[in-house]
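Working notes for the structure below.
What follows draws every value from the coordinates through simple rules; no lab data is involved. Predicted, not measured: the structure shown is a model, and the values here were computed from it. Ideal geometry is used to build each Cβ from the backbone, glycine not excepted, and the neighbour counts take in all protein chains shown.
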Amino acid sequence: MGFSFHRPDTIDAAISFAGVHGEDARFIAGGTDLIIQINRRRLAPRHLISLAGLGLDRISETSGEYVIGAMATHDAVVTYPGFQHELIALAEASAVIGGRQVRNIATVGGNIVNASPAADLVPVLLTLDAVVELRGPAGARSLPLDRFLVERGRTVRRPDEILTSVRFAKPPTASATAFLKAGRRKAMEISVICVAAHLVRGGKARIAVGAAASRTVRVRDAEALVERQGAGAFHEAGRLAAAEVTPIDDVRASARYRDLLVAALVERALASCAERIGKANP
Amino acid sequence: MSSYERRVAGKRLPRIDGIGKVTGKHVYAADFALPGMLFGKILRSSEAHARIRRLDVARALALPGVRTVLGAGDIPQIRFGTAIKDRTMFAQGEVRFRGEAIAAVAATSLEVAEAAVRAIEVEYEPLPAVFDPEEALLPGAPLVHAGWSDYQALPVFDREGNISGRSAIGDGDLEAGFAQSYRIYEHRFTTQHVHPGYTEPRAAVASWDGNGDVIVWSNTQLPFDMKNMLAEVLDLPASKVRVIVPGIGGGFGGKLRVGVEHYAAWLARKSRRPVKLITTSEEELTDAYPRQPTIVTLKTGVTRDGRLLARQGRVILDCGAFANSGPATAAIALQVLAGPYRTPHLAFEGIAVYTNKGATGSFRAPAGPMANFAVESQIDLIADDLGIDPLEFRLRNVYREGDKGPAGETLASVSIEECLRRAADSIGWSERKPLGKKGHSRGKGIACSWWLTTGGSSGVYVRINPDGTVTLVSGAVELGSGAITGAAQILAEELGVELAQINATDVDTHVSPYDYGAQGSRTAFSVGNACIAAARDLKRQIGALLAGQWNVPADSIRLEAGSVVSGEKRMSLADVAALSQRSGGGLISHGTAIQPMPVFDPNRVRHHPLPAWTSHSFHAHAVELSVDQVTGEVSIDRYVVAQDVGYAINPTYIEGQIEGGVAQGIGQTLSEEIVYDGGRVLNANLTDYKMPTMMDMPRVECILIEKPSVNGPYGAKGVGEPPCIQPPAAIANAVAAATGVRVQSLPITAEKIALRLAGKAGKDG
Ligand SMILES: Cc1cc2nc3c(=O)[nH]c(=O)nc-3n(C[C@H](O)[C@H](O)[C@H](O)COP(=O)(O)OP(=O)(O)OC[C@H]3O[C@@H](n4cnc5c(N)ncnc54)[C@H](O)[C@@H]3O)c2cc1C
């Protein structure tokens, strides 16, 4: 074991350092995933490149969109004023990631790049049609989060690309989001199933499910049904969603139970969105 | 009980070890380090049952920084064990579980030691293995220990093949009892492996001195047992082994037996350097002393009006590859099955079975939660079937003062009825199935039990110092429970000083008097009694010293408020101590205590190491919870414990014990399980081994009942273990009341409940 720790001052310095060391180097954000991978000997990077000093930790808004810097912590998401109403699902998801110590240091960028199928913030971001911003030696590029994620632990990011931010359009007022998570205990829990929903009154429906397939997925049949039929179809949407995912049996839960949870939580998340829209727009 | 008002005992005083611990200054064994210390690491088997064909340590030895590599061939082949000497430090030619130690390394850093362990080459030849304890009992099952009959063992146990011990308790005429029964019920319950979950991993530092003595700093619960055990495996006289416990971050029974101490001692001996070992979470979850899984079958005959007539039961306890305390635990389970209920005809059998899984041990109230889960679940099943309220059913059957216990011993200080009534009143028993919030079912459950205060002797040295302080040297470690503070409160009471004047030392087997150890709910009880004895002796010494000088009768001399008093005469305790030092060597005393064994009927018990319980306690738990009707998620709304503590030496720390025990019980009930797939643990990490968090814990409402015991200090009874006994049954009963789903296997996960609610699972969940 043993690695050297680097603290570049600029994004370009971080990128060029990563370029020099290739697979031997890893970016480190909060380290809450990476250090565990190293301790469990799944990864053995020779160089850790800190992203802490690059000014990537801000959450900001323009007239049309929100931008979450990759280094923003889950705590920052929980308390951000813009995420308390229509976008409350972001705060709901970040609020149940790990425990206090984890939320204080773990970042949004780490949650995305890590590409765990159980990452709690990822389904919420998928329902917001979020776009990720990457910077590499050849400059910046952006692409939809849905295309960024490939499968468990894999994204289309090149080793020397930094995820700088994730952005999404401000939702209309007559809209709502909701996030639900099931696990064996009420904190410090990797999701057995997590579900996010985003409904726009009379408009689009987005539903995403985590820990039910080899990556976090949108359940498009269920979305289409809700867009066509509205609130009357929430129960059926849950059933459809369960049919669209491919959960596995593991030590945390059986596939059968995960199917049951997907159906239940999708229905509840949709119902919660509808109720929130109703409350906020009487 | 004395009639006077007590000043120190019974008060909610802050613990004497508190400040060092909450400020992080206290040195625990895991913090301990010596100059030049090496780091040890253990190579563990990757097979569940196999012959070791080849062990090659050459590549490991060649690594820079590696000082010693030890395997079975490098040390004497000494078998050790609690009930049966069935274990060796390293597997001798054959591994019996995945995780068993094969070799150990000492190196200049932990990283080098780990690399060295990976560099050791092992070739295995697989042997047939057995993982299911019921299969292990079948004729022709692979033997975990082919040479079992050659092992030395305590004579009390009845052993054969994979059976490491078999015990029985019985009374009356079972056949006749069943024949007279109005109805007979048969049920089967299963429980899982759970880890004690102490905060501090097991750790030890060993160092050899110029005299050929070995000093081991360890976080053991039983320093004297450890000393003897180390003498055995090191092939040394016990006087050459010194065990010091700097501090211990919890044990719960998981640190009773040797963990890493013997590896540290042998590696230090061979490398001639101090060596430290500390376990990882993975090691804790694969080779520690978790609670044994059990299969409990019960057959119960009752009268029409709900009286227990005949009960038959069998506990199969899976002790893993080595017996450790398994045979004793299977035996103690029988008392848990019996009590606290009168039953004219009963026959219970406990069988401890070897399998090719990790060893197990005595986690807090060993046998308690498993056997109680079975009995108290079945009581509810029977009561509901007979249409009798479960509380009422219990009240018709519980022990009364003067009843005979399972071994025919006479029961005194029986308080089970009061415990049940107080717990039921507090939870609002009259409404057993209140309305839940939308989508949730609510229900209440109750369960009761009894437990013992373990015997064994305690010794303390007590010295009154010329500065007015008092030094308490006990051979029992402060496990974190506050038990030594409790004993110190008793000592302060007896000596007429303040608690803050008492200093307790760490345990050092070269210095401290013998104590049977911090286990079995006995520490405050037994050390407290030893303190009373020491205080009496000190009073006698003081009387002898001052009676002549003051010209008063020795028995007129009293201790109060830091002074020695007789009539008008008064001298501060500090001055008396100084006077004694000038004239007679100082005020120092050795107080000892042992509980008398109750008289019992030997015809009722077979092969039982602990036929009758000493200073038993009674307790009832009641819970109200909500179950999500779809996901099965359980939320505990209220949790009440009514526990007879005899005398509450310090109510604050008793409540702490109750809250902690309930937390562990809730963990065992709802979320925790070491999951084996054959011989492999699937969740040997703290991500997937799920102890409850604060968010999973309800506030625990504690009702302390004080029905004095005959033998405890001021009537106290043991309090530490009982709180983790009833949560599984109380919660199972509440889940059943809420949902109609009766889960008979632990843990009662949301998944089991949900699949049953959805009609997608078999009967057993
Ligand atoms: C006790 C505990 C509990 C947890 N509970 C949860 C939970 O409930 N829900 C959940 O979703 N997760 C949970 N996690 C996982 C983890 O905390 C989160 O995924 C977290 O958001 C990761 O962020 P980080 O900043 O710590 O990532 P890091 O560990 O620093 O990085 C993770 C990976 O992403 C890469 N990376 C990070 N940032 C960037 C970037 N900006 N550009 C390029 N690459 C980058 C790193 O190289 C690394 O490979 C838990 C972790 C722990 C230790």
Check: What value does region B:151-198 have for Rg/Rh, both radii from Cα atoms and Rh as Kirkwood defines it?
Finding: 1.14
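Just need the relative contact order of chain B here, percent rounded to a whole number, with Cα pairs under 8 Å and 6+ apart. If you can, show how the numbers build up before the last one.
Details: 2031 pairs, mean separation 119.3, N = 765.
This gives 16 percent for chain B.
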Check: FRET efficiency for A:ALA140 and B:LEU34, Cβ-Cβ distance as r, R0 = 45 Å, nearest 0.05?
Finding: 0.25
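Loop sites only, by DSSP: take the GluC sites (Glu not before Pro) in chain B that have at most 14 other C-beta atoms within 10 Å and name the longest stretch containing none of them.
Working: sites that count: B:GLU5, B:GLU401, B:GLU431, B:GLU568.
That gives B:6-400 as the longest site-free run.
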Margin query: Would you report the distance distribution of C-alpha pairs in region A:175-277 as whole percents per 5 angstrom bin, up to the bin with the largest distance?
Written below: 3, 15, 27, 25, 16, 9, 4, 1, 0
Next item on the list: Report the local net charge at B:ALA554: Lys and Arg +1, Asp and Glu -1, summed over other residues whose C-beta lies under 15 Å from its C-beta.
Entry: +3
Check: Using the C-alpha gyration tensor of the protein assembly as shown, what are the square roots of 5 times its eigenvalues, in whole angstrom, with the largest one first?
Finding: 51, 37, 31
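With an 8 Å cut-off on Cα pairs and a minimum separation of 6 or more residues, tell me the relative contact order of chain A in percent. Intermediate values should be presented prior to the final figure.
Values: 615 pairs, mean separation 45.0, N = 282.
Rounded, it is 16 percent for chain A.
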Margin query: Per-residue Cβ counts within 10 Å, from other chains only, averaged over A:255-262: what number is that?
Written below: 4
Check: In region B:677-765, what trypsin sites (Lys or Arg not before Pro) fall in a loop by DSSP, with at most 16 other Cβ atoms inside 10 Å?
Finding: B:ARG699, B:LYS760, B:LYS763
Next item on the list: Would you mind pulling out the separation of the Cα centroids of region B:666-722 and region A:179-252, in Å?
Entry: 35 Å
Item checked: Helical segments meeting 27 Å axial Cα length and Kyte-Doolittle -0.5 threshold in chain A (DSSP H) -> A:255-280
Checklist line | Estimated FRET transfer efficiency when R0 is 30 angstrom, pair B:ARG6-B:THR410 (beta carbons, to 0.05) | finding: 0.55
Notebook entry, point to check: Got a sec? How would B:ILE75, B:ILE278, B:ILE649 order by Cβ neighbour count within 10 Å, fewest to most?
Noted result: B:ILE75, B:ILE278, B:ILE649
Item checked: Helix-derived mean residue ellipticity, 222 nm - over chain B, DSSP H n ≥ 4, -39500 (n - 2.57), to 500 -> -8000 deg cm²/dmol
Notebook entry, point to check: What ranking of B:HIS440, B:HIS26 emerges when the number of other C-beta atoms within 10 Å of each C-beta is taken as an exposure proxy, fewest first?
Noted result: B:HIS26, B:HIS440
Check: Roughly how large, in nm² to one decimal, is the mean projection of the convex hull of the alpha-carbon atoms in region B:32-170?
Finding: 11.3 nm²
Notebook entry, point to check: Taking the convex hull of the alpha carbon atoms in region B:218-273, what volume per residue do you get, in Å³?
Noted result: 77 Å³
Note to self: I'd like the trypsin sites (Lys or Arg not before Pro) in region A:41-85 restricted to DSSP loop residues with at most 10 other Cβ atoms within 10 Å, sorted by number.
What the structure shows: A:ARG41, A:ARG42
Next item on the list: Calculate, in nm to one decimal, what B:ALA62 and B:SER239 gain on full extension: separation in residues at 0.36 nm each, minus their alpha carbon distance.
Entry: 60.1 nm
Check: In whole Å, what is the distance between the alpha-carbon centres of region B:200-261 and region B:402-422?
Finding: 39 Å
Note to self: I want to check the label-to-label distance for B:ARG536 and B:GLU123. Put each point 7 Å from Cα in the C-beta direction and report it in nm to one decimal.
What the structure shows: 6.9 nm
Margin query: For B:LYS760, give me every one of the lysines with a C-alpha distance below 21 angstrom, ignoring sequence neighbours fewer than eight places off in its own chain.
Written below: B:LYS752
Check: In nm, to one decimal, how far is the modelled label at A:GLU23 from the one at B:LEU395, with both set 7 Å along Cα→Cβ?
Finding: 7.3 nm
Check: What is the average number of partner chain Cβ atoms found within 10 Å of a Cβ in A:184-194?
Finding: 6
Next item on the list: For B:LYS11, list the lysines whose Cα falls under 29 Å from its own Cα; do not include residues on the same chain fewer than 8 positions away.
Entry: B:LYS21, B:LYS25, B:LYS539, B:LYS707, B:LYS717
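Other chains near A:34-43: what is the mean number of their Cβ atoms within 10 Å of each residue's Cβ? Walk me through the intermediate numbers first.
On the way: counts 0, 0, 2, 0, 0, 1, 3, 2, 0, 0.
Partner-chain Cβ atoms within 10 Å, mean over residues of A:34-43: 1.
Nothing charged except the Cβ atoms of Lys and Arg (+1) and of Asp and Glu (-1): what's the magnitude of the dipole of the protein assembly as shown about its Cα centre? Round to the nearest 20 debye.
That gives the protein assembly as shown a dipole magnitude of about 800 debye.
Tell me the net charge near B:ALA265. Cut-off is 12 Å between Cβ atoms, B:ALA265 excluded, with +1 for each Lys or Arg and -1 for each Asp or Glu.
Numbers: positive: B:LYS227, B:LYS240, B:ARG242, B:ARG269, B:LYS270, B:LYS276; negative: B:ASP213, B:GLU232, B:ASP235, B:GLU261.
Taking every Cβ under 12 Å from that of B:ALA265, the sum is +2.
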Margin query: Could you list B:LEU174, B:LEU346 so that the one with the fewest beta carbons within 10 Å of its beta carbon is first and the one with the most is last?
Written below: B:LEU174, B:LEU346
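Determine the relative contact order of region A:59-169: mean sequence separation of Cα pairs under 8 Å and six or more apart, normalised by residue count, in whole percent.
Details: 187 pairs, mean separation 33.0, N = 111.
In percent, rounded to a whole number, it is 30.
Taking the mean number of other Cβ atoms within 10 Å as a proxy for protection, how do you rank A:7-13, B:29-35 from highest to lowest?
Numbers: A:7-13: 13.9, B:29-35: 16.6.
Ranking the peptides A:7-13, B:29-35 by packing returns B:29-35, A:7-13.
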Checklist line | Rg and Dmax of region B:562-698, Cα atoms only, in Å | finding: 25.9, 79
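In this model, which of B:LYS404/B:LYS444; B:LYS41/B:LYS270; B:LYS41/B:LYS227; B:LYS85/B:LYS299 are farther than 26 Å apart at the alpha-carbon?
Numbers: B:LYS404/B:LYS444 31 Å; B:LYS41/B:LYS270 14 Å; B:LYS41/B:LYS227 22 Å; B:LYS85/B:LYS299 35 Å.
Among B:LYS404/B:LYS444; B:LYS41/B:LYS270; B:LYS41/B:LYS227; B:LYS85/B:LYS299, the Cα-Cα distance tops 26 Å for B:LYS404/B:LYS444; B:LYS85/B:LYS299.
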Check: What is the Cα centroid distance between region B:582-601 and region A:92-146, reported in whole angstrom?
Finding: 66 Å
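Translational diffusion coefficient, Stokes-Einstein: compute it for chain B using the Kirkwood radius over C-alpha pairs as Rh, at 37 °C and 0.692 mPa s, and state it as an integer in µm² s⁻¹.
In µm²/s, the coefficient is 121.
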